[in-house]
1. Taking residue 348, is it touching a helix residue (DSSP H, G or I) at 6+ places or on another chain (Cβ under 7 Å), basic (Lys, Arg) and at negative phi?
2. Across segment 137-148, what is the total count of residues that are within 10 Å of the ligand (Cβ to nearest atom) and of a type outside the set (Ser, Thr, Tyr)?
3. Looking at segment 238-257, is at least one residue farther than 26 Å from residue 127 by Cα, open to solvent by less than 40 Å² (accessible area, probe 1.4 Å) and hydroxyl-bearing (Ser, Thr, Tyr)?
4. Give me a count of the residues in segment 354-373 that are of a type outside the set (Val, Ile, Thr) and in contact with a Lys or Arg (Cβ under 8 Å, 6 or more places away or on another chain).
5. May I ask you to list the residues in segment 206-231 that are more than 16 Å from the ligand (Cβ to nearest atom), under 22 Å from residue 58 (Cβ atoms) and either without any contact (Cβ under 8 Å) to a residue 40 or more places away in the chain or charged (D, E, K, R) (or both)?
6. Which residue is farthest from residue 154 (Cα to Cα), if the candidates are limited to segment 93-136 and must be β-branched (Val, Ile, Thr) and away from the ligand (no atom under 16 Å from the Cβ)?
7. Could you give every pair whose Cβ atoms fall below 8 Å, whose first residue belongs to segment 99-114 and is assigned to a helix (DSSP H, G or I), and whose second residue is of a type in the set (D, E, K, R), counting only separations of at least 6 or pairs across chains?
8. Can you list the strands (runs of 3 or more DSSP E) lying wholly within segment 9-82 that have 2 or more residues being buried (at least 17 other Cβ atoms within 10 Å of the Cβ)?
Amino acid sequence: MSETIDVNGIDMRIRAMDERVQALHDRDMYFYNIPVSELKGSAEVVVDGRTMLMLASYGYLGLLGHPRINDNAAAALRQYGTGTHGVRLLAGTLQLHLELERTIADFKQTEDAVTFSSGYVTNLAAISTLVGRHDMVFCDKYDHASIVDGCLLSGADLKRFRHNDMEHLEMLLQRHADSVTKLVIVDAVFSMDGDIIDLPRTVELCRKYDACLMVDEAHSVGVLGKTGRGVEEHFGIQGSVDVKMGTLSKTIPSVGGYIAGSRGLINLMKHAARGFIFSAAIPPAQAAAAKTAFDVILDEPDRIGRVQRNAAQFIRGLRSAGFDTMQSETAIVPVLCGTDEKAYELVRLCQKENIFVLPVVSPAVPDGMARLRATVTAGHTDEQIEHAVSVLEKAGKLVGLI
Ligand SMILES: *Cc1c(COP(=O)(O)O)cnc(C)c1O
(Lines give C-alpha, C1' and ligand atoms only; values in the text may rest on other atoms or scores of the structure.)
Protein backbone atom coordinates (compact mmCIF):
# COMPACT_ATOMS: atom_id res chain seq x y z
CA MET A 1 0.00 0.00 0.00
CA SER A 2 1.15 3.53 -0.68
CA GLU A 3 1.98 6.02 2.06
CA THR A 4 -0.79 8.31 0.97
CA ILE A 5 -3.92 6.51 2.15
CA ASP A 6 -5.92 8.99 4.12
CA VAL A 7 -9.55 8.10 3.79
CA ASN A 8 -11.78 8.40 6.78
CA GLY A 9 -10.36 6.32 9.60
CA ILE A 10 -8.32 3.82 7.61
CA ASP A 11 -5.04 5.67 7.89
CA MET A 12 -5.54 6.05 11.62
CA ARG A 13 -6.29 2.35 11.98
CA ILE A 14 -3.15 1.40 10.12
CA ARG A 15 -1.03 3.72 12.20
CA ALA A 16 -2.57 2.65 15.51
CA MET A 17 -1.81 -1.01 14.78
CA ASP A 18 1.71 -0.18 13.62
CA GLU A 19 2.34 1.58 16.91
CA ARG A 20 0.87 -1.23 18.99
CA VAL A 21 2.92 -3.91 17.25
CA GLN A 22 6.10 -1.81 17.28
CA ALA A 23 5.71 -1.15 21.03
CA LEU A 24 5.63 -4.92 21.66
CA HIS A 25 8.67 -5.48 19.42
CA ASP A 26 10.56 -2.74 21.29
CA ARG A 27 10.07 -4.59 24.56
CA ASP A 28 10.87 -8.00 23.07
CA MET A 29 7.30 -9.06 23.72
CA TYR A 30 5.94 -9.70 20.25
CA PHE A 31 5.06 -13.39 20.02
CA TYR A 32 2.84 -13.63 16.96
CA ASN A 33 3.44 -14.99 13.47
CA ILE A 34 6.61 -16.80 14.56
CA PRO A 35 8.01 -18.68 11.55
CA VAL A 36 8.80 -22.33 12.26
CA SER A 37 11.53 -23.71 9.98
CA GLU A 38 11.40 -27.40 10.82
CA LEU A 39 9.27 -29.99 12.60
CA LYS A 40 11.09 -32.54 14.72
CA GLY A 41 8.66 -35.34 15.42
CA SER A 42 5.27 -34.19 16.60
CA ALA A 43 6.38 -32.32 19.74
CA GLU A 44 9.36 -30.21 18.73
CA VAL A 45 9.86 -27.37 16.27
CA VAL A 46 12.86 -25.39 15.13
CA VAL A 47 12.62 -21.59 15.34
CA ASP A 48 15.58 -19.41 14.42
CA GLY A 49 17.86 -22.42 14.65
CA ARG A 50 16.65 -23.29 18.16
CA THR A 51 14.77 -26.51 18.91
CA MET A 52 11.71 -25.73 21.00
CA LEU A 53 9.22 -27.93 22.80
CA MET A 54 5.88 -27.28 21.10
CA LEU A 55 3.10 -26.52 23.58
CA ALA A 56 0.87 -24.48 21.32
CA SER A 57 -0.20 -26.95 18.65
CA TYR A 58 -3.74 -28.25 18.11
CA GLY A 59 -2.41 -31.51 16.70
CA TYR A 60 -3.93 -33.31 19.67
CA LEU A 61 -3.22 -36.84 18.49
CA GLY A 62 0.24 -36.13 17.09
CA LEU A 63 -0.84 -37.12 13.58
CA LEU A 64 1.12 -34.51 11.61
CA GLY A 65 3.65 -36.32 9.43
CA HIS A 66 2.09 -39.76 10.03
CA PRO A 67 3.51 -41.94 7.21
CA ARG A 68 0.16 -43.35 6.09
CA ILE A 69 -1.41 -39.88 5.98
CA ASN A 70 1.55 -38.43 4.07
CA ASP A 71 1.58 -41.35 1.61
CA ASN A 72 -2.10 -41.03 0.78
CA ALA A 73 -1.82 -37.26 0.44
CA ALA A 74 1.13 -37.68 -1.94
CA ALA A 75 -0.76 -40.30 -3.97
CA ALA A 76 -3.75 -37.95 -4.33
CA LEU A 77 -1.46 -35.14 -5.39
CA ARG A 78 0.05 -37.32 -8.11
CA GLN A 79 -3.32 -38.57 -9.26
CA TYR A 80 -5.29 -35.32 -9.28
CA GLY A 81 -2.77 -32.47 -9.09
CA THR A 82 -2.83 -29.58 -6.66
CA GLY A 83 -6.31 -28.13 -6.95
CA THR A 84 -9.84 -28.74 -8.15
CA HIS A 85 -10.38 -25.68 -10.33
CA GLY A 86 -13.58 -24.74 -8.75
CA VAL A 87 -16.50 -25.09 -6.48
CA ARG A 88 -18.00 -28.40 -5.44
CA LEU A 89 -21.43 -27.72 -6.89
CA LEU A 90 -20.07 -27.29 -10.41
CA ALA A 91 -16.81 -28.96 -11.47
CA GLY A 92 -14.92 -29.24 -8.18
CA THR A 93 -16.23 -32.47 -6.65
CA LEU A 94 -13.90 -35.46 -6.70
CA GLN A 95 -14.69 -39.00 -5.68
CA LEU A 96 -12.23 -38.26 -2.88
CA HIS A 97 -14.50 -35.60 -1.38
CA LEU A 98 -17.39 -38.04 -1.24
CA GLU A 99 -15.17 -40.66 0.38
CA LEU A 100 -14.02 -38.11 2.96
CA GLU A 101 -17.60 -37.10 3.70
CA ARG A 102 -18.70 -40.73 4.03
CA THR A 103 -15.82 -41.30 6.45
CA ILE A 104 -16.77 -38.26 8.54
CA ALA A 105 -20.44 -39.28 8.64
CA ASP A 106 -19.47 -42.76 9.83
CA PHE A 107 -17.08 -41.37 12.43
CA LYS A 108 -19.68 -38.95 13.75
CA GLN A 109 -22.41 -41.59 13.44
CA THR A 110 -24.66 -39.45 11.27
CA GLU A 111 -26.45 -40.06 7.98
CA ASP A 112 -24.28 -37.71 5.97
CA ALA A 113 -21.65 -34.98 6.06
CA VAL A 114 -20.40 -32.10 3.92
CA THR A 115 -17.00 -30.39 3.86
CA PHE A 116 -16.05 -26.75 3.41
CA SER A 117 -12.72 -25.06 2.70
CA SER A 118 -12.06 -24.15 6.36
CA GLY A 119 -13.62 -24.44 9.79
CA TYR A 120 -14.18 -20.71 9.85
CA VAL A 121 -16.05 -20.84 6.55
CA THR A 122 -18.03 -23.83 7.81
CA ASN A 123 -19.49 -21.87 10.71
CA LEU A 124 -20.22 -18.83 8.56
CA ALA A 125 -21.85 -20.92 5.85
CA ALA A 126 -23.79 -23.30 8.07
CA ILE A 127 -25.20 -20.77 10.52
CA SER A 128 -26.24 -18.31 7.82
CA THR A 129 -28.01 -21.16 6.02
CA LEU A 130 -29.84 -22.42 9.10
CA VAL A 131 -31.14 -19.09 10.38
CA GLY A 132 -31.96 -15.65 9.01
CA ARG A 133 -33.74 -12.46 9.93
CA HIS A 134 -36.54 -12.89 12.47
CA ASP A 135 -35.01 -16.14 13.76
CA MET A 136 -33.38 -16.52 17.18
CA VAL A 137 -29.89 -17.81 17.84
CA PHE A 138 -28.47 -18.45 21.31
CA CYS A 139 -24.70 -18.67 21.89
CA ASP A 140 -22.44 -19.23 24.85
CA LYS A 141 -20.50 -16.05 25.61
CA TYR A 142 -17.22 -17.90 25.01
CA ASP A 143 -18.19 -19.42 21.66
CA HIS A 144 -15.53 -19.17 18.95
CA ALA A 145 -15.30 -16.00 16.85
CA SER A 146 -16.37 -17.88 13.71
CA ILE A 147 -19.68 -18.74 15.39
CA VAL A 148 -20.28 -15.12 16.35
CA ASP A 149 -19.40 -14.01 12.82
CA GLY A 150 -21.76 -16.63 11.36
CA CYS A 151 -24.58 -15.32 13.54
CA LEU A 152 -23.90 -11.73 12.53
CA LEU A 153 -23.82 -12.71 8.86
CA SER A 154 -27.12 -14.57 9.20
CA GLY A 155 -28.97 -11.51 10.43
CA ALA A 156 -30.72 -13.58 13.11
CA ASP A 157 -31.40 -12.08 16.52
CA LEU A 158 -28.36 -13.15 18.58
CA LYS A 159 -28.63 -13.69 22.34
CA ARG A 160 -25.53 -14.67 24.29
CA PHE A 161 -25.78 -16.53 27.58
CA ARG A 162 -23.21 -16.45 30.37
CA HIS A 163 -20.50 -19.04 29.93
CA ASN A 164 -21.83 -22.57 30.49
CA ASP A 165 -24.67 -21.07 32.55
CA MET A 166 -27.67 -23.28 31.84
CA GLU A 167 -30.03 -21.23 33.97
CA HIS A 168 -29.25 -18.20 31.89
CA LEU A 169 -29.77 -20.19 28.68
CA GLU A 170 -33.13 -21.40 29.95
CA MET A 171 -34.15 -17.88 30.89
CA LEU A 172 -33.40 -16.67 27.35
CA LEU A 173 -35.14 -19.65 25.72
CA GLN A 174 -38.18 -19.09 27.90
CA ARG A 175 -38.29 -15.41 27.06
CA HIS A 176 -38.30 -16.20 23.34
CA ALA A 177 -40.40 -19.36 23.54
CA ASP A 178 -42.92 -18.07 21.01
CA SER A 179 -40.30 -17.49 18.35
CA VAL A 180 -40.69 -20.17 15.66
CA THR A 181 -37.08 -20.82 14.71
CA LYS A 182 -34.52 -21.21 17.48
CA LEU A 183 -30.92 -22.37 17.15
CA VAL A 184 -28.56 -22.96 20.08
CA ILE A 185 -24.82 -23.03 19.25
CA VAL A 186 -22.07 -24.03 21.66
CA ASP A 187 -18.43 -25.11 21.57
CA ALA A 188 -17.92 -28.65 22.88
CA VAL A 189 -14.57 -27.66 24.40
CA PHE A 190 -13.99 -23.94 24.81
CA SER A 191 -10.90 -22.83 22.96
CA MET A 192 -9.59 -20.32 25.50
CA ASP A 193 -10.48 -22.13 28.74
CA GLY A 194 -10.34 -25.83 27.86
CA ASP A 195 -13.53 -26.60 29.78
CA ILE A 196 -16.42 -28.73 28.46
CA ILE A 197 -19.99 -27.63 27.72
CA ASP A 198 -22.70 -29.05 29.96
CA LEU A 199 -24.07 -31.00 27.01
CA PRO A 200 -26.67 -33.14 28.81
CA ARG A 201 -28.39 -30.03 30.17
CA THR A 202 -28.04 -28.14 26.88
CA VAL A 203 -29.72 -31.03 25.05
CA GLU A 204 -32.50 -31.16 27.61
CA LEU A 205 -33.19 -27.45 27.25
CA CYS A 206 -33.17 -27.60 23.45
CA ARG A 207 -35.75 -30.39 23.55
CA LYS A 208 -37.88 -28.61 26.13
CA TYR A 209 -37.98 -25.36 24.15
CA ASP A 210 -37.97 -26.94 20.71
CA ALA A 211 -34.63 -25.48 19.65
CA CYS A 212 -32.16 -26.96 17.15
CA LEU A 213 -28.71 -27.70 18.64
CA MET A 214 -25.41 -27.10 16.86
CA VAL A 215 -22.08 -28.02 18.49
CA ASP A 216 -18.61 -26.95 17.34
CA GLU A 217 -16.25 -29.87 17.97
CA ALA A 218 -12.98 -28.22 16.90
CA HIS A 219 -11.24 -29.12 20.16
CA SER A 220 -13.15 -32.25 21.15
CA VAL A 221 -12.75 -34.63 18.22
CA GLY A 222 -9.85 -36.94 19.01
CA VAL A 223 -9.72 -35.58 22.56
CA LEU A 224 -13.04 -36.48 24.21
CA GLY A 225 -14.66 -39.89 24.43
CA LYS A 226 -13.15 -43.33 24.58
CA THR A 227 -12.77 -43.57 20.80
CA GLY A 228 -12.21 -39.83 20.26
CA ARG A 229 -15.59 -39.27 18.67
CA GLY A 230 -16.14 -36.17 20.78
CA VAL A 231 -18.45 -34.62 23.30
CA GLU A 232 -21.49 -36.85 22.84
CA GLU A 233 -19.38 -39.93 23.45
CA HIS A 234 -17.82 -38.20 26.47
CA PHE A 235 -21.24 -37.83 28.09
CA GLY A 236 -22.64 -41.06 26.70
CA ILE A 237 -25.43 -39.34 24.81
CA GLN A 238 -24.74 -40.19 21.18
CA GLY A 239 -27.18 -38.84 18.66
CA SER A 240 -28.32 -35.86 20.72
CA VAL A 241 -26.79 -33.07 18.62
CA ASP A 242 -28.59 -31.99 15.44
CA VAL A 243 -25.75 -30.15 13.70
CA LYS A 244 -22.23 -31.44 14.36
CA MET A 245 -19.55 -29.04 13.19
CA GLY A 246 -15.83 -29.71 13.16
CA THR A 247 -12.56 -28.67 11.58
CA LEU A 248 -10.01 -30.67 9.61
CA SER A 249 -7.12 -28.49 10.82
CA LYS A 250 -6.64 -29.50 14.44
CA THR A 251 -6.68 -33.15 15.46
CA ILE A 252 -7.00 -33.87 11.73
CA PRO A 253 -3.73 -32.65 10.15
CA SER A 254 -5.19 -31.03 7.05
CA VAL A 255 -7.37 -28.03 6.33
CA GLY A 256 -11.12 -27.65 5.91
CA GLY A 257 -14.25 -27.98 8.00
CA TYR A 258 -17.36 -30.12 8.06
CA ILE A 259 -20.98 -30.39 9.08
CA ALA A 260 -22.33 -33.84 9.93
CA GLY A 261 -26.01 -34.55 10.46
CA SER A 262 -29.16 -35.82 8.84
CA ARG A 263 -29.40 -36.49 5.11
CA GLY A 264 -31.79 -33.54 4.73
CA LEU A 265 -29.53 -31.15 6.62
CA ILE A 266 -26.56 -32.00 4.41
CA ASN A 267 -28.68 -31.72 1.29
CA LEU A 268 -29.68 -28.23 2.41
CA MET A 269 -26.02 -27.28 2.97
CA LYS A 270 -24.94 -28.58 -0.43
CA HIS A 271 -27.54 -26.51 -2.27
CA ALA A 272 -27.98 -23.39 -0.14
CA ALA A 273 -24.83 -22.68 1.88
CA ARG A 274 -23.03 -19.81 0.16
CA GLY A 275 -19.67 -20.81 1.66
CA PHE A 276 -20.07 -24.15 -0.11
CA ILE A 277 -21.48 -22.90 -3.38
CA PHE A 278 -19.17 -19.94 -3.89
CA SER A 279 -15.81 -21.19 -2.61
CA ALA A 280 -13.43 -23.78 -4.03
CA ALA A 281 -13.28 -27.37 -2.85
CA ILE A 282 -10.65 -28.77 -0.48
CA PRO A 283 -7.55 -29.68 -2.59
CA PRO A 284 -7.08 -33.40 -3.35
CA ALA A 285 -4.03 -33.97 -1.14
CA GLN A 286 -5.73 -32.32 1.83
CA ALA A 287 -8.92 -34.31 1.31
CA ALA A 288 -6.93 -37.57 1.17
CA ALA A 289 -4.95 -36.58 4.27
CA ALA A 290 -8.12 -35.81 6.19
CA LYS A 291 -9.81 -39.05 5.20
CA THR A 292 -6.77 -41.11 6.15
CA ALA A 293 -6.46 -39.31 9.50
CA PHE A 294 -9.94 -40.48 10.52
CA ASP A 295 -8.94 -44.03 9.55
CA VAL A 296 -5.75 -43.75 11.61
CA ILE A 297 -7.70 -42.55 14.67
CA LEU A 298 -9.80 -45.73 14.51
CA ASP A 299 -6.81 -47.99 13.80
CA GLU A 300 -4.55 -46.51 16.50
CA PRO A 301 -6.92 -45.92 19.42
CA ASP A 302 -4.07 -45.70 21.96
CA ARG A 303 -3.44 -42.13 20.90
CA ILE A 304 -6.69 -40.99 22.53
CA GLY A 305 -5.85 -42.38 25.96
CA ARG A 306 -2.40 -40.86 25.55
CA VAL A 307 -3.57 -37.27 25.00
CA GLN A 308 -6.07 -37.61 27.85
CA ARG A 309 -3.36 -38.88 30.23
CA ASN A 310 -0.92 -36.20 29.09
CA ALA A 311 -3.48 -33.46 29.69
CA ALA A 312 -4.23 -34.81 33.16
CA GLN A 313 -0.51 -35.00 34.01
CA PHE A 314 0.09 -31.45 32.81
CA ILE A 315 -2.87 -29.97 34.68
CA ARG A 316 -1.99 -31.87 37.85
CA GLY A 317 1.63 -30.64 37.67
CA LEU A 318 0.67 -27.01 37.15
CA ARG A 319 -1.93 -27.07 39.91
CA SER A 320 0.44 -28.56 42.42
CA ALA A 321 2.96 -25.85 41.49
CA GLY A 322 0.28 -23.37 42.52
CA PHE A 323 -0.98 -22.17 39.13
CA ASP A 324 -4.63 -21.44 38.37
CA THR A 325 -5.55 -23.57 35.34
CA MET A 326 -9.19 -22.49 35.55
CA GLN A 327 -11.81 -25.15 34.73
CA SER A 328 -9.74 -26.98 32.14
CA GLU A 329 -10.14 -30.74 31.92
CA THR A 330 -8.89 -31.13 28.36
CA ALA A 331 -5.73 -30.70 26.30
CA ILE A 332 -6.16 -26.92 26.27
CA VAL A 333 -4.63 -25.66 29.48
CA PRO A 334 -4.83 -21.99 30.43
CA VAL A 335 -2.39 -20.63 33.00
CA LEU A 336 -4.12 -17.59 34.42
CA CYS A 337 -1.89 -14.52 34.68
CA GLY A 338 -4.34 -11.64 35.18
CA THR A 339 -2.78 -8.65 33.43
CA ASP A 340 -1.58 -8.70 29.84
CA GLU A 341 1.85 -7.67 31.14
CA LYS A 342 2.19 -10.73 33.35
CA ALA A 343 1.10 -13.04 30.52
CA TYR A 344 3.68 -11.52 28.15
CA GLU A 345 6.38 -11.76 30.81
CA LEU A 346 5.63 -15.41 31.59
CA VAL A 347 5.64 -16.32 27.91
CA ARG A 348 8.91 -14.47 27.32
CA LEU A 349 10.62 -16.39 30.12
CA CYS A 350 9.27 -19.74 28.86
CA GLN A 351 10.34 -19.01 25.29
CA LYS A 352 13.82 -18.13 26.52
CA GLU A 353 13.91 -21.68 27.88
CA ASN A 354 12.81 -23.02 24.48
CA ILE A 355 9.22 -23.76 25.40
CA PHE A 356 6.92 -22.70 22.56
CA VAL A 357 3.86 -21.26 24.33
CA LEU A 358 1.75 -18.22 23.57
CA PRO A 359 -0.14 -15.56 25.48
CA VAL A 360 -3.84 -14.83 25.12
CA VAL A 361 -4.74 -11.29 26.08
CA SER A 362 -7.72 -8.96 25.76
CA PRO A 363 -9.82 -8.62 23.69
CA ALA A 364 -9.57 -12.39 22.99
CA VAL A 365 -10.32 -12.95 26.69
CA PRO A 366 -11.97 -10.63 29.23
CA ASP A 367 -9.81 -7.86 30.74
CA GLY A 368 -7.86 -9.10 33.75
CA MET A 369 -8.09 -12.71 32.53
CA ALA A 370 -4.95 -12.70 30.37
CA ARG A 371 -3.22 -16.02 30.33
CA LEU A 372 -0.61 -18.23 28.87
CA ARG A 373 -2.43 -20.98 27.00
CA ALA A 374 -0.66 -24.27 26.53
CA THR A 375 -1.81 -27.37 24.68
CA VAL A 376 -0.59 -30.90 25.11
CA THR A 377 -0.84 -33.69 22.56
CA ALA A 378 -0.44 -37.43 22.32
CA GLY A 379 2.98 -36.69 20.82
CA HIS A 380 4.45 -35.47 24.14
CA THR A 381 6.38 -37.80 26.43
CA ASP A 382 6.01 -37.81 30.22
CA GLU A 383 9.48 -36.27 30.47
CA GLN A 384 8.62 -33.42 28.11
CA ILE A 385 5.54 -32.56 30.13
CA GLU A 386 7.46 -32.74 33.37
CA HIS A 387 10.13 -30.45 31.90
CA ALA A 388 7.49 -27.96 30.72
CA VAL A 389 5.93 -27.86 34.19
CA SER A 390 9.30 -27.20 35.81
CA VAL A 391 10.16 -24.38 33.39
CA LEU A 392 6.74 -22.84 33.98
CA GLU A 393 7.15 -23.16 37.72
CA LYS A 394 10.49 -21.36 37.65
CA ALA A 395 9.11 -18.62 35.38
CA GLY A 396 5.92 -18.30 37.44
CA LYS A 397 7.97 -17.61 40.55
CA LEU A 398 10.07 -14.97 38.77
CA VAL A 399 6.93 -13.20 37.56
CA GLY A 400 5.38 -13.44 41.01
CA LEU A 401 2.42 -15.57 39.99
CA ILE A 402 3.08 -18.42 42.39
C1 LIG B 1 -10.12 -23.28 15.03
C2 LIG B 1 -11.56 -23.17 15.28
C3 LIG B 1 -12.45 -22.93 14.22
C4 LIG B 1 -11.98 -22.61 12.83
O5 LIG B 1 -11.40 -23.67 12.20
P6 LIG B 1 -10.34 -23.47 11.01
O7 LIG B 1 -10.34 -24.78 10.35
O8 LIG B 1 -9.04 -23.10 11.64
O9 LIG B 1 -10.85 -22.37 10.13
C10 LIG B 1 -13.80 -22.96 14.51
N11 LIG B 1 -14.25 -23.17 15.77
C12 LIG B 1 -13.41 -23.37 16.80
C13 LIG B 1 -13.97 -23.60 18.17
C14 LIG B 1 -12.04 -23.36 16.59
O15 LIG B 1 -11.21 -23.52 17.62
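The values are calculated or read from the model by the stated rules, or taken from the named source; none is laboratory data. Here the structure is a predicted model, which is why all the values come from computation and not from measurement. Here Cβ is always computed from backbone atoms with ideal geometry, including for glycine, and neighbour counts include all displayed protein chains. Side chains are part of the model used for accessible areas, which takes the heavy atoms of the whole protein and leaves out ligands, DNA and RNA. Shrake-Rupley method; radii C 1.70, N 1.55, O 1.52, S 1.80 Å.
1. Details: touching a helix residue (DSSP H, G or I) at 6+ places or on another chain (Cβ under 7 Å): no; basic (Lys, Arg): yes; at negative phi: yes.
For residue 348, the condition - touching a helix residue (DSSP H, G or I) at 6+ places or on another chain (Cβ under 7 Å), basic (Lys, Arg) and at negative phi - is not met.
2. Taking segment 137-148 and keeping what is within 10 Å of the ligand (Cβ to nearest atom), we get 142-147.
Among the residues that remain, those that are also of a type outside the set (Ser, Thr, Tyr) are: 143-145, 147.
The qualifying residues number 4.
3. Going through segment 238-257, the residues farther than 26 Å from residue 127 by Cα turn out to be none.
Scanning segment 238-257, I find no residue that is farther than 26 Å from residue 127 by Cα, open to solvent by less than 40 Å² (accessible area, probe 1.4 Å) and hydroxyl-bearing (Ser, Thr, Tyr), so the answer is no.
4. Kept after step one, since they are of a type outside the set (Val, Ile, Thr), are these residues of segment 354-373: 354, 356, 358-359, 362-364, 366-373.
Checking the rest, the ones that are also in contact with a Lys or Arg (Cβ under 8 Å, 6 or more places away or on another chain) come to 354, 358-359, 370.
Qualifying residue count, segment 354-373: 4.
5. So in segment 206-231, the residues more than 16 Å from the ligand (Cβ to nearest atom) come out as 206-212, 225-229.
With under 22 Å from residue 58 (Cβ atoms) added as a condition, the list becomes 225-229.
Listed by number, the residues that qualify are 226, 229.
6. Step one: list which residues in segment 93-136 are β-branched (Val, Ile, Thr), which gives 93, 103-104, 110, 114-115, 121-122, 127, 129, 131.
Restricting the remaining residues to those that are away from the ligand (no atom under 16 Å from the Cβ) gives 93, 103, 110, 129, 131.
Numbers: 93: 26, 103: 29, 110: 25, 129: 7, 131: 6 Å.
Per the criteria, the residue is 103.
7. 99/291; 100/291; 101/112; 103/291; 103/295; 105/111; 105/112; 107/229
8. Values: elements: 38-40, 44-47, 50-54.
Once the strands (runs of 3 or more DSSP E) in segment 9-82 are filtered for at least 2 residues that are buried (at least 17 other Cβ atoms within 10 Å of the Cβ), what remains is 44-47, 50-54.
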